[in-house]
Amino acid sequence: MAAQVEIYTWSTCPFCIRAKSLLKNKGVEFTEYVIDGDEDARDKMAKRANGRRSVPQVFINDQHIGGCDDIHALEAAGKLDPLLA
């Protein structure tokens, strides 16, 4: 069974585009929540993301992974694929 991946984004955010690109290049299907200017949605995201309000915020199997730098660091360390398995 594939991991459930969710990502909160803003449509024009370069970090969001970069994080989604990594997932797409790995063939990972994900649910995207585009929260441009929606403070209620951002508040909900922040509650899930331990208070972090920046985008993107990535979750794998309901576990908070972090943002763009965090997901790329996991990939560089070879730790992303096990989370996605």
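Tabulated results
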item	result
The chain - share of DSSP beta bridges that are antiparallel (%, nearest 5)	65
Solitary cysteines of the chain, where the nearest other Cys Cβ is not under 4.7 Å	C68
Student exercise, the chain dipole from Lys, Arg, Asp, Glu Cβ charges, in Debye to nearest 20	160
Reachable lysines, given that their alpha-carbon falls under 22 Å from the alpha-carbon of K47 and they are not under 8 places away in the same chain	K20
Approximate shape of the chain as ellipsoid semi-axes (Cα gyration tensor, √5λ), whole Å, largest first	20, 13, 12
Amide hydrogen neighbours beyond the local backbone of V34, cut-off 5 Å, H modeled	T9
Length released on extending from K47 to H64, taking residue separation times 0.36 nm less the Cα-Cα span	5.1 nm
Partner lysines for K26 [C-alpha distance under 16 Å; skip if fewer than 8 residues away on the same chain]	K79
Residue-normalised accessible area of the chain, given per residue in Å² at a 1.4 Å probe	58
Phi to ³J(HN,Hα) by Karplus 6.51 cos²θ - 1.76 cosθ + 1.60 over region 42-52, Hz, x for Gly, Pro	5, 4, 4, 4, 4, 5, 6, 9, 6, x, 6
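The values are calculated or read from the model by the stated rules, or taken from the named source; none is laboratory data. No experiment lies behind these values; they were computed from the predicted model shown. For neighbour counting, all protein chains shown are included, and Cβ atoms are generated from backbone atoms with ideal geometry for every residue, glycine included. Note: areas computed on protein heavy atoms with side chains; ligands, DNA, RNA excluded. Shrake-Rupley method; radii C 1.70, N 1.55, O 1.52, S 1.80 Å.
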